[in-house]
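This is the structure, below, for whatever I ask next.
Please treat every number below as a calculation from the coordinates, not as lab data. From a predicted model like this one, the values you see are computed outputs, not experimental measurements. Ideal geometry is used to build each Cβ from the backbone, glycine not excepted, and the neighbour counts take in all protein chains shown.
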Amino acid sequence: MSALKKLASQTAVYGLSSILGRLLNYLLVPLYTLSFTTSEYGIVNEFYAYVAFFTVLLTFGLETTYFRFINKSENQEKTFNEIFSLVLIISGIFLILILIFSQGLANLMLLPQYQNVVVWFGFILVFDATSSILLAKLRHQNNSKKFAFIQLSSIGLNILLNVIFILYAKEQVDAGNTEGLAGMIYSPAIGLGYIFIANLCSSLLKPLLLYKELSVFKFTFSKSQAKTFLLFAAPLAIAGFAGIVNETIDRPMLKYLVYGQTNDLDYAESQVGIYSANYKLSILITLFIQAFRYAAEPFFFAQEKSEDKTKVYSKVMTWFVVVVALMFVGVSLNLDIFKLFIRDEAYWVGLHVVPILLLANVFLGIYYNQSIWYKLADRPMFGAYIAIGGAIVTIILNLALIPFLGYLGSAWATLIVYFGMCAASWYLGQKYYPIKYNLRKVLFYLVASVILVLIGLLIQGDNEKFNITIGIIFTGIFAGIVVFIERPLRTLRKR
C-alpha cells in the first residue's frame, strides 16, 4: 500500500530526529550515573517527572487541535495564529506564577535549595510549549527535514553543554584543578543544576531556529474561536494530563512513600534514581513509539476519507505490534549488554523491573495506536475517560504496592494500568468507531513474545556469555516466526 509506505517513510524521517536525538540523550545516562549518586540522579528524574505534567498543561491539547482544525480551515495561516496565540497566553500566565511561587514549589518538593532550578524549568517549559506548535506547523507542511534539523540541533547543543559542564569541567574541579577554564565554568554549589542549564539553552535554541515561522506570526485572538478550540482541546488535555500521571506519578509517589516509611530522604531519592535509571532501558520501545506518533497522527487524519482506511489502520497495528514485541524480546533477554549503559553498578540492583516496564510500554504503544478512533470519531472525551481511569488506578496501585514492593510495585502498577487502558480503548473503539484489527495475529505475537521472555529469563543465570547467547537465540527465534508468517520479502516482490 502506498499509504503504508508513506507512513513508514515519514516515521523514518521523524524517527531520525527523535530516535537519534533520544539515543544521543540516552548516552548521557552513563555520564549521569557515573558522575552523580543514586540520590542525586533521583532528584534529576523527579524534576523531569513534574516537567512532564506541566508540558501537557501548557500545550493543553492544542497540538492535536491544530491538526484537526487546520485541515478544515479555509485560512490556514489564521488558524495557526489563533492557536499559537492561545499557547502564548497560557504560557505567559504560567511563567508569571512560576516566578512568584518558585520557592514555595521547591519547598513542597522537599528541595528548598533548588528554587533556582524551578525558575529555570519555568522557562524551559515555555520555550518547549511554544516550539511544539511551531514544529506542528512543520509537520503539517511535511517539512520533515527542517523538523529533524531543529530537533537534532537542540539535542546536540544539550549533549555538548553536558559534556563541557559535567564530563570536562566537573571532573577537573572534582580532581582539584580549579584554576583555568574548568574553574570558571563549573561551581560545585550548582552541581547537578548544570544538567538543567544545558536543557534551558537547548530549549531556547528551538524558537530561535524557528524564526521564519515566528516572523510571519500575528497575534490573533477571537473569543468565540478560542472557545471552539478549547472545547475540543480540553478532553485531550485532560487525557494527556491523566496519561502523564500514568507515566510519571510513580517517581514522586515512590519518593514520598519511601520517605514516609524510612524518614530518610537520601534513601528515598536513591530509590527513585535506581528505578529511573532502569526505566531508561526501555528506551528502544519508547523511542519507536515517539517516532511513530509524530508521523502517525497527521497520517491517520489524512487517511480518514480513504476507502481503504480500515485496512490501512489494521495493517499498521499488526506491524506496530511486530516491531515493539521484537524490541521487548531483544532488550529483556539481553540485559547483560544493555545494563552497560548504566555505568555505576549501584543501579544494577533494579534490573529485574526492566522486562515488566518493557511489556508495559508495549501496551502503551498499542493504546496510542488505537487512540486515533476517538479523535476521528470526534469523541475525545473517551480518551479522557480512559486516561483518567488509568490515572486513578495508577495512584491506587502505587499506594498499595510501593510500601511492600518498593519500585517493583511501581513497575507492576505501570504494566497493569497500560494493559487495562489498551483493553478499554479496544472495547470502546469497536463500539463507537469499529476498526477490524487482525486480533489473531496481534495476540499471537504478544503471547509468543511473553512466552519467549519468560522461558529465556528462567534459563539465564549468572554466566553473562551464556545469557547473551540465549538472548540472541530467542530474539532470532521471534524474528524467524515473524518472517515465516508475514513473508515480507515475498510480499515486496509481488508489489
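Of the peptides 265-271, 176-182, how do they stack up when ordered by the mean number of other Cβ atoms within 10 Å, highest first?
Ranked from most to least packed, the peptides come out as 265-271, 176-182.
So which aspartates and glutamates pass the test for LYS218, namely a Cα distance under 16 Å, with those fewer than 8 places away in the same chain ruled out?
GLU77, GLU82
For the residue pair ILE451 and THR318, what label-to-label distance in nm results when each label sits 7 Å from Cα along the Cα-to-beta-carbon direction?
2.0 nm
Here's a follow-up. Report the label-to-label distance for LYS436 and ASP264 in nanometres (one decimal), using points 7 Å from each Cα along the Cα→Cβ vector.
In this crude label model, LYS436 to ASP264 measures out at 6.0 nm.
Which whole-number percent gives the relative contact order of the chain, counting Cα pairs below 8 Å spaced six or more residues apart?
Here the relative contact order equals 22 percent.
Greater than 25 Å separation of Cα atoms is the criterion. Which listed pairs, LYS145/LYS315; LYS78/LYS206; LYS78/LYS227; LYS227/LYS315; LYS78/LYS223, meet it?
LYS145/LYS315; LYS227/LYS315
Next question. Hey, rough spin-label estimate for GLU77 and ILE89, points 7 angstrom out along Cα→Cβ, what's it come to in nanometres?
The two pseudo-label positions are separated by 2.3 nm.
Next question. Calculate, axis by axis, the spread of Cα positions in the chain along the three principal axes, and write the results as whole Å, longest axis first.
Rounded to whole Å, the extents work out to 68, 63, 42 Å.
Next up: Taking the beta-carbon count within 10 Å as an exposure proxy, list MET184, MET253, MET381, MET317 from fewest neighbours to most.
With the fewest neighbours first, MET184, MET253, MET381, MET317 line up as MET184, MET381, MET317, MET253.
Based on the Cβ-Cβ distance from TRP348 to ARG293, what FRET efficiency comes out when R0 is 35 Å, to the nearest 0.05?
Between TRP348 and ARG293 the formula returns 0.65.
Using θ = phi - 60° and the Karplus relation 6.51 cos²θ - 1.76 cosθ + 1.60, list the HN-Hα couplings for the range 85-90 in order, rounded to whole Hz, with x at every Gly or Pro.
Running phi through 6.51 cos²θ - 1.76 cosθ + 1.60 with θ = phi - 60° gives 4, 4, 4, 5, 5, 4 Hz.
Now, a different point. Hey, fewest Cβ within 10 Å first, where do PHE363, PHE404 land in order?
PHE404, PHE363
Stretched out fully, how many nm does the piece from THR178 to ASP378 gain, at 0.36 nm a residue minus the Cα gap?
66.0 nm
Rounded to the nearest 500, what is the chain's calculated 222 nm mean residue ellipticity when only DSSP H runs of at least 4 contribute -39500 (n - 2.57) each, over all residues?
Counting only the DSSP helices, I get -27000 deg cm²/dmol.
Shifting gears a bit: Lys/Arg Cβ at +1, Asp/Glu Cβ at -1, dipole of the chain taken about the Cα centre: which of LEU457, ILE366, TRP412 is farthest positive-ward?
ILE366
Dipole of the range 2-494, Cα-centred, from +1 at each Lys and Arg C-beta and -1 at each Asp and Glu C-beta, to the nearest 20 debye?
2460 debye
If the chain between ILE396 and ALA226 were fully stretched, how many nm would it gain, using 0.36 nm times the residue separation less the Cα-Cα distance?
57.6 nm
Then there's this: Would you order THR248, THR65 from fewest to most other beta-carbon atoms within 10 Å of each residue's own beta-carbon?
Fewest-to-most Cβ neighbours within 10 Å comes out as THR248, THR65.
Positive end of the charge dipole of the range 179-330 (Lys, Arg +1 and Asp, Glu -1 on Cβ, about the Cα centre): tell me which of GLN271, LEU181, LEU214 has its Cα farthest that way.
LEU214
Multiplying the sequence separation of ILE473 and GLU171 by 0.36 nm and subtracting their Cα-Cα distance, what value in nm do you get?
Stretched fully, the ILE473-GLU171 segment lengthens by 104.6 nm.
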